[in-house]
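First comes the structure, then the notes that go with it.
The values are calculated or read from the model by the stated rules, or taken from the named source; none is laboratory data. As the structure is a computational prediction, the values presented were derived from the model and not from experiment. As a convention, Cβ positions derive from the backbone with ideal geometry for all residues, glycine included, and neighbour counts pool all protein chains shown. What goes into the accessible areas is simple: the full protein's heavy atoms, side chains included, and nothing from ligands, DNA or RNA. Shrake-Rupley method; radii C 1.70, N 1.55, O 1.52, S 1.80 Å.
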Amino acid sequence: MTLLSVQNLNVKIQDFAILNDISLEIPTGRSFGIVGESGSGKSMTALSIMGLLPTQGVRRTGRIVFSGKDLGLLTERQMCAIRGKEIGMIFQEPMTALNPVKTIGHQVAETLILHAGFSTRKARREAKERLDRVELPQSTFPLHLYPHQLSGGQRQRVCIALAIALRPKLLIADEPTTALDVSTQAQILKLLRSLVEEEGMSLMLITHDLAVIADMAEEAAVMQDGHVVEHGQTERLFRHMRHPYTKKLFASHRLETSRKPHQHRKALLEVSDVRRQYKVRDNSSLWIKTAIKTAVRDISFTLFKGESLGLVGESGCGKSTLARAILGLDSLQNGVIRLDGDVIDSQVKTGVDVRRKMQVVFQDPYGSFNPRHSVKKLVAEPFHLIGNPYPRQARDQRVGMALKEVGLSPSDMHKFIHEFSGGQRQRIAIARALVLRPELIVLDEAVSALDASIRSQILDLLNQLQDRYGLSYIFISHDLAVVKAVTDRVLVMQNGRIVEVGKTTDVFHSPQHPYTKRLLAASPTIPEDWVPTHDWPTELSDHSLQ
Amino acid sequence: MRSPLLLVVGAVITIFFVMMAGISFIWTPYSVVDLNIADKLLPPSTRYFLGTDQFGRDILSMLMVGARTSIGVAVLAAGIGVAVGVPLGLAAAAANGSLFDEIIMRGNDLVFAFPSLVIAILITAVFGPSAVNAILAIGIFNIPVFARVARGASLSLWTLDYILAARVAGKGMVRISIEHIFPNIVSLLIVQGTIQFSLGIIAEAGLSYVGLGAQPPTPSWGRMLADSQTLIYSVPRLALLPGFTIVLMVLGLNLLGDGLRDVLDPRVRRARS
Amino acid sequence: MLRYAITRLISLGVSLLAASLLIFFVIEVIPGDAASFMLGLNASPETVVALREELGLSGSLMRRYLDWTGGMLIGDFGVSYTYRVPVSELVMARISVSLPLALYALILTITMAFPVGIFAAFNRGKLSDFSLMGVTQLGIAIPNFWFAMLLVMAFAVSLKWFSAGGFPGWENGVLLGLKSLTLPALALAVTQASILARVMRSSIIETLSQDYIRTARAKGLSRRQATTRHALRNAMIPVLTIIGLQFSFLLAGAIIIENVFFLPGLGRLIFQGITQRDLIVVESVVMLLVFAVVLVNFVVDIAYAITDPRLRTGR
């Protein structure tokens, strides 16, 4: 039986088509997935169903029929009665999704008071029960807590609790786990699954992650540029994908890179007994008191020339702090880091010769560049390290070459950063890292903010550059699939310690430490046998892509 | 609701007053120092465009020279704020969380506890009233304003990756502050500068009004209002003209500031595109 | 919460200490010494010596500071040189005009600004929003003492609803006192109310774009419900900061406005002190004004913590 049927939905914002002819059917009591890259119109579809599109300049045509009612014909007041009561929704960013000045109990109870006319006392009792349902037991999570006292995963549970407070027929979850760690993601997904199974709720799960869809959804739709390009039963969709875009998405998810493993002999970076501690202000105390937090606890490892080393762990495990220490940005409390035999020092004046041998690429393609500088100036920034031995022309030439190497045009150096897309910006960041021909590049979540298809392009580029220049990479990521695809060895970090080290293939196939096992088990995967049947040769589909 | 039109209006008004003040250096219709009791309290005419005051001075000339005083005091006071406050704010942000940062911010709070008028009172009580002391008083009050704006804006920039990239490129705190932080807060500082400029005009008028600003015979808008007060029943024109002048000037600056904010503030710009 | 209040209280004490040092230092840097400064150039050496004794200037720097601050703690501000009465007496008489005036103006500010700011935010982009914001632009541009003169012209001279100035004293009835403070308070409030209304409006609009408003809407709250239940309290956080700052502007503004309306407040006292070079009066009144400002900021900090749970409960 169909719960929600979207028929020929079109949305235009100021004459710009956002959604084109979307048609979907969501059956009662099932999980329905929508997958697509950013800008594909996934969230817009959800907001259209909720009737929460911005009011100004938006034109919507088509029908949205929800349990027999055409939502397009309802007044705003009637829509309010449906939102939260019959359709609940949760969003991507749990850190900001809750009102910071109201208690979680209040926020859950509000739904109940609003729609069911509960008394405050009854609503509070019910709110306790609902929070219990999302595994926030009263003993540790009483109603009077405020959102800032909870972690991201716990906040997302509160969001779910208030969305399902009245047992709606449909729950829309818009990238509910994207902002969360992999083990938290697994718990939230498990909770969502049990809600569908036990409460007979339908779930509309929006995500960019094919593995999450494979794991969660019985039926799925693939969206691109405001169109549904393919939909159907999930397993069948994976096995018999027809549309070239689906194939492309699948291929880039698989991350089948052309990487050749390397033989490594010579040590490049030696990290021995490194400890990083910093002071945190203790606000709970009356007097200004600082507590010492140890982020990295006596870590030792060696990175070889030409090697790619993965560094994985969940947020707060100390991997970024370690990266900063390696880059010589912070002073160490214990131990020493040597690059090519020279000690890395956090003092600016010293260690210029060491510094020029290493560079960094960060996660955020938007925050990585000074918006007021031209690309030429941005890429040339590391030249600061070698004084000014080059005449300007030779320098410009080097910048041009670096841009060419990352697949951009030398003439791009006169543009400004806002003229580039996210993927192009990450290429510029790599050009900046490359311009001095360093030995080591630290990639701190360098592909995490990118869409899957762009991500695999950037990874390919990094592989090529490594082959060409014998670069060593430290690849920091929370995304295990990426690390698995592009590294030779991997370090697993937990609470500032390395819990497991080994060849990437070994660690991923037979993890030894329980934490690694847990981490691997938590990350959603597409079943190995859900591969496309090769009815259509890949060459042909590649052509149709053009 | 805002449009470039308001920016243009604000800019035109501001430029008009700055030009009036500029012209007053080389030419005014009449002298503002010589008293001419025979011509006192004349209504507007072709001879005296805006009439004369109780000492027979030409009001238009007084307003022109008054513009010079007002703008001069306000601009110099804002300059003090920028020159001292911005480096302090940049340094505090660079040393975020350190004792130095703490001291600067607490010092700021302390100066905030003294409204500019109270600072002026203290200074005049000791050094006597003058335009220079008015500049000092308003300027001291401007310091924490600019320090706060500079620090706040810089702090969010320091967390960005391009600052880390610059540090990886071996650049020190001072160099990063000058090269990467300052250029990105300039637009905010310009907007704040316009606001402090307009507040300075009002503050100067207030100080002159109570006799703590420019001393006679230097004309100033605030003094003209004070002098007109006893004649408010008989010749309201004397109180109305300088008042309207102040309002127009401040309005123009505020429109300019709002307009500049819309044009320069990247946050607003992003939200629009 | 208590812990937070105590930290704020300590910081209040530190501010007062620093302010007293600063004022003391400024008075100390006077060329020559305070006694000859106060008496002027023509004073005979004997009178200067006598005044020095009276002011306690012969003691050490430390001693004088402790005498001054210690005296203030027990309400002894010294004796005014010109009036020959204890400064505390003078101040008490005057503060009963200035403080009510500033508070009256603050209440007027809030009662004018809140409805205007909220109404404009709700009708964002409409003609009513546009015209209200135009009025506030004008309100910000008007110097309050000039606006006071306009009010006198309109309501005292032409309409004769209020007297043009003076203060009958509280002993003649509270209502009469309030009436004579109405025009001055209104003159003070107009500028600050314009600023506050604009802050209120933009704060609400900013808050409305937050994620939790979307959550509230997805719960089934109407636009209006989401605004009143979830946006307003969050929008109050920056508004409170501004209110705190505004009190010090109102207090300082009161000093000027008192001159327009011939009110016997602290402003008149301090200007007489300046013209008569009565430093004891000046330093005491300045210290008192600073104390009032610091105290109001403390109250604002507490109000902050009541509004924003992130401040009162640790992680």
Only one of B:Ala94, B:Ala78, B:Ala74 that is crowded, with 20+ Cβ neighbours inside 10 Å, of a type in the set (A, V, I, L, M, F, W, C), closer than 30 Å to B:Leu188 by Cα and more than 25 Å from the chain's Cα centre (by Cα): B:Ala94
Among residues of the range C:86-122, those that are more than 23 Å from C:Ile255 (Cβ to Cβ) and open to solvent by less than 30 Å² (accessible area, probe 1.4 Å), counted: 3
Of all residues in the range A:1-21 being in contact (Cβ under 8 Å) with a residue 12 or more places away in the chain and not in a strand (DSSP E or B), the one that is least open to solvent (accessible area, probe 1.4 Å): A:Gln14
Hits in the range C:122-144 - residues which are out of contact with any Leu (no Cβ under 7 Å at 6 or more places or on another chain) and within 20 Å of B:Gln229 (Cα to Cα): C:Ile142, C:Pro143
Conditions (1) surrounded by fewer than 17 Cβ atoms within 10 Å (Cβ to Cβ); (2) among the polar types (S, T, N, Q); (3) under 25 Å from C:Pro143 (Cα atoms); number of the one not met by C:Gln246: (1)
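Just for the range C:135-154: of the residues that are out of contact with any Lys or Arg (no Cβ under 6 Å at 6 or more places or on another chain) and more than 9 Å from chain B (Cβ to nearest Cβ), which one is most open to solvent (accessible area, probe 1.4 Å)? Reasoning before the result, please.
Start the filter on the range C:135-154 by keeping residues that are out of contact with any Lys or Arg (no Cβ under 6 Å at 6 or more places or on another chain), which leaves C:135, C:137-154.
Those still in the list that are more than 9 Å from chain B (Cβ to nearest Cβ) too: C:135, C:139, C:148, C:151, C:154.
On the way: C:Val135: 97, C:Gly139: 6, C:Ala148: 0, C:Leu151: 11, C:Ala154: 40 Å².
Once the filter is applied, the top-ranked residue is C:Val135.
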Condition broken by A:Ile172, with the remaining ones in (1) within 24 Å of the chain's Cα centre (by Cα); (2) at pLDDT below 90 satisfied: (2)
Members of the range A:324-365 that are facing chain B (nearest Cβ under 10 Å), aliphatic (A, V, I, L, M) and touching a residue at least 40 places away in the same chain (Cβ under 8 Å): A:Leu327, A:Met358, A:Val360, A:Val361
Selection within the range A:45-62 - surrounded by 13 or more Cβ atoms within 10 Å (Cβ to Cβ), assigned to a loop (DSSP other than H, G, I, E, B) and either of a type in the set (Val, Ile, Thr) or touching a Gly at 6+ places or on another chain (Cβ under 9 Å) (or both): A:Gly51
Among (1) without any contact (Cβ under 8 Å) to a residue 12 or more places away in the chain; (2) assigned to a loop (DSSP other than H, G, I, E, B); (3) surrounded by 14 or more Cβ atoms within 10 Å (Cβ to Cβ), the one test that A:Glu135 misses: (1)
Only one of B:Gly89, B:Gly66 that is within 14 Å of chain C (Cβ to nearest Cβ), in contact with a Lys or Arg (Cβ under 9 Å, 6 or more places away or on another chain), in contact (Cβ under 8 Å) with a residue 60 or more places away in the chain and crowded, with 24+ Cβ neighbours inside 10 Å: B:Gly66
Evaluation of C:Leu186 against (1) among the aliphatic types (A, V, I, L, M); (2) surrounded by fewer than 19 Cβ atoms within 10 Å (Cβ to Cβ); (3) in contact (Cβ under 8 Å) with a residue 12 or more places away in the chain (one fails), failing number: (2)
Residue check, A:Ile441 open to solvent by less than 10 Å² (accessible area, probe 1.4 Å), assigned to a helix (DSSP H, G or I) and modelled with pLDDT of 90 or more: no
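Conditions tested, residue by residue: (1) under 17 Å from C:Val26 (Cα atoms); (2) open to solvent by less than 30 Å² (accessible area, probe 1.4 Å).
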position	(1), (2)
B:Ile103	no, no
B:Ala113	yes, yes
B:Ile138	yes, yes
B:Ala150	no, yes
B:Ala153	no, yes
Residue that is nearest to A:Ile82 (Cα to Cα) [pool: residues in the range A:176-187 that are crowded, with 20+ Cβ neighbours inside 10 Å and touching a strand residue (DSSP E or B) at 6+ places or on another chain (Cβ under 9 Å)]: A:Pro176
Hits in the range A:152-175 (condition: open to solvent by less than 20 Å² (accessible area, probe 1.4 Å) and aliphatic (A, V, I, L, M)): A:Val158, A:Ile160, A:Ala161, A:Leu162, A:Ala163, A:Ile164, A:Ala165, A:Leu170, A:Leu171, A:Ile172, A:Ala173
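Residue by residue, here is whether (1) more than 29 Å from the chain's Cα centre (by Cα); (2) assigned by TED's automatic domain parsing to the domain that holds C:Asp308; (3) surrounded by fewer than 13 Cβ atoms within 10 Å (Cβ to Cβ); (4) at pLDDT 75 or above holds:
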site	(1), (2), (3), (4)
C:Ile6	no, no, yes, yes
C:Leu12	no, no, no, yes
C:Thr69	no, no, no, yes
C:Tyr81	no, no, no, no
C:Arg84	no, no, yes, yes
Candidates B:Val149, B:Val132, B:Val111 - the one that is assigned to a helix (DSSP H, G or I) and either small (Gly, Ala, Ser) or within 12 Å of another protein chain (Cβ to nearest Cβ) (or both): B:Val111
Residues located in the range A:63-98, provided they are over 30 Å from C:Asn123 (Cβ atoms) and open to solvent by 50 Å² or more (accessible area, probe 1.4 Å): A:Arg63, A:Gly68, A:Lys69, A:Gln92, A:Met95
Restricting the range A:509-546 to residues that are open to solvent by 60 Å² or more (accessible area, probe 1.4 Å) and under 20 Å from the mean Cα position of the chain (by Cα), the residue that is modelled with the lowest pLDDT: A:Thr525
Helices (runs of 4 or more DSSP H) fully within the range C:202-315 counting 2 or more residues that are within 14 Å of chain A (Cβ to nearest Cβ): C:211-218, C:223-226, C:232-261, C:279-307, C:309-312
Test: residue in the range B:219-233 that is within 13 Å of chain A (Cβ to nearest Cβ), assigned to a loop (DSSP other than H, G, I, E, B), open to solvent by 20 Å² or more (accessible area, probe 1.4 Å) and free of Cβ contacts under 8 Å to residues at least 24 places away in the same chain: no
